[in-house]
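What follows is a set of notes on a single structure, which appears directly below.
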Amino acid sequence: MKLIINGETYAELKADMSVLDLLTYLNLPKAKIAVECNKEIVPKSGYKTVLLQDGDVLEIITFIGGG
Amino acid sequence: MAADTDKLVIAGREFSSRLVIGTGKYETYQQNADALAASGAEIVTVAVRRVNLTNPDEPLLVDFIDPKKTVYLPNTAGCFTGEDAVRTLRLAREAGGWDLVKLEVLSDPKHLYPDMEETMRAAKLLIADGFEVMVYCSDDPVFARKLEDLGCAAIMPLGAPIGSGLGIQNQVNIRLIVEQTTVPVIVDAGVGTASDAAIAMELGCDGVLMNTAIAEAKDPILMAKAMKHAVKAGRHAYLAGRMPRKKYADPSSPLAGLI
């Protein structure tokens, strides 16, 4: 399936991935980020249960230096 | 008030330091962490951005500044509408679990003045959503009052444009805001050097927030230390109560008993 993650297209992902599967695939530190799927926040408690659909638009954020 | 029991209280949280520092513009996160230690600050502002997907091993701010020891204050820098600000801070809350946030809705990149109409709108949305909002605002006492009435946790007027280092440009307005406000007033932006921070505190502000003044000093660690002392000195001078200004000289040594 295809996902848009942080503005980039990921075209060849396997189907039926959970958010947790995706974060593991991307090798991201789960404790230090937040995930938004189609402009809705996915709570950490939903990482295992929320299944991603073809065409979903995700934003994955963290904290960086700022004023 | 005894200087050693003097605490800054924001939304029920107590802080010993009245200095808040940013985490932008440093050469490295390590330098940032060292400056933080030298400054004695207990709160840092942070930005919310997309993770780097191509290099997940990139150093993270949280690896250098521990969010369990230092309060992270996520900001909305780069947001130009209320909706953007709300979206950003909801994500920040999910990532970190913090409800204390810095709202800034900017306008023109040339001067980075806050868009007060959007700031007001975003503040309303965030407060309704359970956030404790520390709000970056213009040094306008009328808007400062409106933001306080909305329920903001701290009013943070600019001293001068963000990153300009020009110092407190309108002391009259800052003083008016201090006098009318019951929540903490923190000068946010415009401080260039230690005396600017001391002036803000002498005007009665409850704290000072700065980033560039430390990060772009030739020696950021030493400047962080200078700011720590300046904020304390200004606070003590404010609490001590300055002598009245006089038009003419007044000798310090008695004139009586001269030989």
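Summary table
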item: Taking B:F143, A:F63 and counting other C-beta atoms within 10 Å, the order from fewest to most; result: B:F143, A:F63
item: Vicinal HN-Hα couplings computed from phi for the stretch B:14-20 (Karplus, 6.51 cos²θ - 1.76 cosθ + 1.60; Hz; Gly/Pro x); result: 9, 10, 7, 8, 9, 9, 10
item: Of all DSSP beta bridges in the stretch B:4-99, antiparallel share, percent nearest 5; result: 35
item: Computed E for A:M1/B:R50 - FRET, C-beta separation, R0 35 angstrom, nearest 0.05; result: 0.95
item: Qualifying lysines (Cα of each under 29 Å from Cα of A:K39; at least 8 residues distant if same chain); result: A:K2, A:K14, A:K30, A:K48, B:K68, B:K102, B:K124
item: Share, in percent, of DSSP beta bridges within chain A that are antiparallel, nearest 5; result: 85
item: The stretch B:131-172 shape via C-alpha gyration tensor axes, a/c threshold 1.5; result: oblate
item: Average beta-carbon neighbours from other chains, 10 Å sphere, peptide B:36-47; result: 2
item: Pairwise label distance in nanometres, B:Q31 with B:K68, each label 7 Å out on the Cα-Cβ vector; result: 2.9
item: Chain A, relative contact order [Cα under 8 Å, separation at least 6], %; result: 43
item: Average beta carbon contacts from partner chains per residue of B:92-103, 10 Å cutoff; result: 3
item: Cα gyration tensor shape for chain A, rounded if a/c is under 1.5, else prolate or oblate; result: prolate
item: Added length on full extension, which subtracts the Cα-Cα distance from 0.36 nm per residue, B:I221 to B:R145; result: 23.8 nm
item: Under 17 Å from the Cα of B:K228 - aspartates and glutamates, other chains or at least 8 residues apart; result: B:D4, B:D6, B:D34, B:E42, B:D188, B:D196, B:E202, B:D206, B:E216, B:D219
item: Whole-number percent relative contact order across the stretch B:116-155, with pairs defined as alpha carbons under 8 Å at least 6 apart; result: 43
item: Peptides ranked, highest mean first, by Cβ atoms within 10 Å: ranges B:197-206, B:110-119, B:61-70; result: B:197-206, B:110-119, B:61-70
item: Value of [θ]222 nm, deg cm²/dmol, for chain A, DSSP H segments ≥ 4, -39500 (n - 2.57) each, nearest 500; result: -3000 deg cm²/dmol
item: Length-normalised contact order of chain B in % [C-alpha pairs under 8 Å, at least 6 apart]; result: 19
item: Pairwise FRET efficiency - B:E179 versus B:A233, Cβ, R0 = 25 Å, nearest 0.05; result: 0.70
item: Proximal lysines to B:K232, defined as alpha-carbon separation beneath 17 angstrom and excluding residues fewer than eight positions away on the same chain; result: B:K7
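Bear in mind these aren't lab numbers, they're just calculated from the coordinates by the rules spelled out. This structure is a prediction, so every number in the text was calculated from the model and none was measured. Here Cβ is always computed from backbone atoms with ideal geometry, including for glycine, and neighbour counts include all displayed protein chains.
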